[in-house]
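Worksheet: the structure to be examined is printed underneath.
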Amino acid sequence: MTEGCLDPARVEDLPGPRELPLLGNLHQIRLSRLHLILEDWAEQYGPLYRFRVGPRRGIVLSDRNEIQRILADRPNGFRRPRNLEPIAVEMRLKGVFAAEGEDWRRQRRIVMDALSRAGIEDFFPKLATTVGRLRRRWEKAADAEAPVDLCHDLMRFTVDVTTQMAFGVDVNTLETPGPTIQRHLNKVFPSVHRRLNIPFFYWRYFRLPSDRALDRALDAIEIEIAAIVKSVRQRLALEPERRRSARNFLEAIIMKLEEEGSGFSDEEIFANVGNLLLAGEDTTANTIAWTIHFLTGHPDWFGRCRHESDALVTPGEKGIEDFEQTKRMPVIDAVSNESMRLKPVAPLFILEALQETEILGCRVPGGTGIFMLPRRVGTRDENFVDGNRFDPERWLLTPKARRGPHDLSAFVPFGAGPRFCPGRNLALLEIRAVLAMLCRNFDVMPVGGAGIEERIAFTMFPDKLFVRMKRRNQH
Ligand code: HEM
């Protein structure tokens, strides 16, 4: 294995897969498996290598310290890829995720406040109600002996949670029959992933059926967001005392917009509502789905999670009802951490340096795509003992009892540094509440024997993950 390049070297001198003239490595890339292809190459070419897609040059990094350093050096040293910004503008989604510099700082402050730990504690009763709706949905599926499309149901759950938490609006898609806003949201991430990673901006010149479908989805999302914004504006007009202290992200951002010189625009409100809906939906839903997938394959851990939730839930109740209970779930936390380590829904971080920089002794020009592979780092034996093994016990051991490395700086499912995920606490709460409810009330069986494959469309998800639920003690 080659260890990066020797000092000082140019990107062209790095090892990497053989490139064809003009195409580079385009012919070897499948966008839906991009992270897997880059991970395979990392196995061959080491912690720093180069590849090229048409005219666009990228380097691929899987070194724990360098990844931490780069993530920490934002927004001044590194940024999200430059082509994200125009793509987000075209999709009317240029909010906190795609913003940079001062623009980003301004939006980030409001998002952080809105998703603060204290706000989440106050929100807990509504989360518990939404978990109850998910349980009733799964009870119906169990009674009908119908297979459950886990990602699909969990996305309804996460959209319901995000809209209530961030916007104070209950869209209740879990109990809405037929198609809902998710149908439109689901078109956005695959398009962002495709447009970010292909070398030609063809959609600016002609539109394929998929681009037209995206346009329709974005129009539909805009209508839904407009309805949400309108209802919050009306509430603020009817209850002016609410202006003394905003109760959620949308109230805060609308009030900022009205402040003279705040720099906020109507477009930014729309874009940020869209950002939060998208950022909170797939990520959390897919993380819970992967964790349930592991639990179905490891009945011993399912049993331990069940034991933990049974001990926490008040006798006669079906789920946790109190925020304090969510702080006492070490086993459920261990299982979900282990699932995020092996199946992180963000297995690929793409950034670029603002100016020329040195990475592992290699001179990297500003603007070069830096593709980072956090999963490769988190599964290496030098960072986590027996790194590819599903072993939640590692999260329960005291440092003294551990048999080898357990390096938390190699575990970054939520990113790191100043742009690290502001929704982490909300996501962890959702994960705990859903898993406790699941283990308490259902037995879960996988459907279909074949292994579940990973796909990436901005976030990484299990392809065709269906399960059967049975009410507990029913058989
Ligand atoms: C298990 C669930 C989740 C995972 C694994 C996850 C992961 C991530 C990751 C890896 C990033 C990039 C961090 C970086 O650049 O260092 C991110 C950013 C972000 N996440 Fe999450 N996320 C989750 C849930 C949520 C939720 C529930 C919300 C809000 C409702 C949210 C809102 C955001 C936002 C707004 C950003 C952009 C932050 C910025 O650019 O400053 N995420 N998330």
Could you give the length gained on full extension between F466 and R183, defined as 0.36 nm per residue of separation minus the Cα-Cα distance, in nm? 100.0 nm
Residues whose built amide H sits under 5 Å from the amide H of G24, excluding neighbours closer than 5 in sequence, are G54
Sorted by chain and then number, the residues having a modelled amide H within less than 5 Å of the amide H of R57, at least 5 places away or on another chain, are G369
Here the longest stretch of the chain that holds no trypsin sites (Lys or Arg not before Pro) in a DSSP loop having at most 10 other beta carbon atoms within 10 Å is 31-402
Using a 1.4 angstrom probe on heavy atoms only, work out the carbon and sulfur share of the accessible area of the chain in %. 53 percent
Additional length obtainable on full extension of the chain from E317 to E145, 0.36 nm per residue less Cα span: 59.6 nm
Whole-number accessible area per residue in Å² for the chain, which is evaluated in the context of all protein chains at 1.4 Å: 44 Å²
Inter-site label distance for D381 and T176 at 7 Å from Cα along Cβ, in nm: 5.1 nm
If each part is reduced to its alpha-carbon centroid, the range 125-198 and the range 373-447 end up apart, in Å, by 23 Å
Please work out how much length the chain gains when fully extended from S409 to R216, using 0.36 nm per residue of separation minus the C-alpha to C-alpha distance, in nm with one decimal. 65.3 nm
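The values are calculated or read from the model by the stated rules, or taken from the named source; none is laboratory data. On a predicted model such as this, the values are computed, not experimentally measured, just so you know. When we count neighbours, we look across all protein chains shown, and the Cβ atoms used for this are built from the backbone with ideal geometry, even at glycine. With ligands, DNA and RNA removed, areas are computed over all heavy atoms of the protein, side chains included. Shrake-Rupley method; radii C 1.70, N 1.55, O 1.52, S 1.80 Å.
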